[in-house]
1. Taking K and R as +1 and D and E as -1, what net charge do the other residues with C-beta under 15 Å from the C-beta of Thr225 add up to?
2. Using just the helices of the chain, give the 222 nm mean residue ellipticity in deg cm²/dmol: DSSP H runs with n ≥ 4 each add -39,500 (n - 2.57), and the total is spread over all residues, rounded to 500.
3. Arranged by the count of other C-beta atoms within 10 angstrom, fewest first, what order do Arg12, Arg114 take?
4. What length, rounded to one decimal in nm, is gained on full extension from Val40 through to Ala199, with 0.36 nm per residue of separation minus their alpha-carbon distance?
5. With labels modelled as points extended 7 Å from the Cα through the Cβ direction, what inter-label distance (nm, one decimal) is found for Leu130 paired with Ala9?
6. State log₁₀ I(q)/I(0) for the chain at q = 0.11 Å⁻¹ as given by the Debye formula over alpha-carbon point scatterers of equal weight, solvent excluded.
7. With a sphere of radius 11 Å drawn around the Cβ of His113, what net charge do the other residues whose Cβ falls strictly inside it have (Lys, Arg +1; Asp, Glu -1)?
8. Quick one: net charge around Ile75, please, counting Lys, Arg +1 and Asp, Glu -1 for every other residue with C-beta under 9 Å from its C-beta.
Amino acid sequence: MGSKEMTKAERRALYRKRKLEKKRMQFMAVSAIVVMIGLVAVFYVLWDAQRKSVTPNPGVDNNPPPPSTNRIAVIETSMGTIRVELYENKMPRTTRNFINLAESGFYDGLIFHRVIDDFMIQGGGFKPGLVPPDTTPAEIPFEQSDVKHEDGTISMARRGDSKDSASSQFFICDGPQPHLDGEYAAFGKVISGMDVVRAIASVPTHSVGDYDDVPIEDVLIYRITITSP
């Protein structure tokens with residue numbers, strides 16, 4: 001059979017039909033996009049309203065304090081490393097004295113010369129053999145604060161009953177010692193290495209002259225380094 005050529009009018013009609021079909025498809029695509037945007041907007045509004053309506057848990061601190069800016073004392077010993085946060089914000093004079101001694105190298109090579117299990121470990125006053133250090137640091141006035149002698153608290157030792165006689169010797173509590181609160185200048189707390197503190201506190205001891213609770217084998221303080229938090 002022979003094919004019949006399209007008339008000019010038929011070609012125009014076909015062109016208009018295709019043009020209308022194209023516009024219809026474009027309209028449907030735009031409509032779909034608008035619907036999707038609307039659904040996303042509705043979902044966000046509902047989610048935001050639910051988030052704002054959640055009641056804070058009274059058992060959770062919803063406004064935690066800012067990170068501490070207190071520096072850290074890294075005490076390297078022959079039995080391990082102890083890291084202590086120094087409460088510079090509460091005990092500025094006492095921590096400044098300790099930091100100055102540490103940074104000068106004063107504590108390098110000294111020992112923990114007095115240790116008592118379930119009480120404390122004390123150092124910063126003698127070399128091995130209970131030999132005094134080459135220099136004698138100045139005594140500092142007692143600094144009062146609300147820092148308690150809890151497990152791991154670091155505090156200044158003193159001479160006799162004088163609160164103003166602390167200089168370089170310090171002790172770290174092995175267990176809470178509330179009877180020391182207000183009597184000794186507590187100035188920080190162990191943040192890691194309590195296993196080292198307990199190990200030192202439990203070493204065998206003996207008496208040497210006028211000194212009791214002296215470790216039979218020296219527990220050395222290799223160095224104390226002050227670092228940022």
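1. Once all neighbours under 15 Å are counted, the net charge is -1.
2. Numbers: 3 runs with 66 residues, N = 229.
For the chain, the value works out to -10000 deg cm²/dmol.
3. Values: Arg12 11, Arg114 21.
If I rank by nearby Cβ atoms, fewest first, I get Arg12, Arg114.
4. Working: separation 159, 0.36 × 159 = 57.24 nm, distance 6.06 nm.
Gain in length upon complete extension: 51.2 nm.
5. With each label point 7 Å from Cα toward Cβ, the separation is 12.8 nm.
6. Rounded to two decimals, the profile gives -0.65.
7. On the way: positive: Arg114, Lys127; negative: Asp212, Asp213, Asp218.
Net local charge, His113 excluded: -1.
8. Working: positive: Arg83, Arg223; negative: Glu76.
Combined, the nearby Lys, Arg, Asp and Glu give +1.
A short reminder: the numbers here are calculations on the coordinates, not readings from a lab. Since we're looking at a predicted model, the values are computed, not measured. Backbone-built Cβ (ideal geometry, glycine too); neighbour counts: all protein chains shown.
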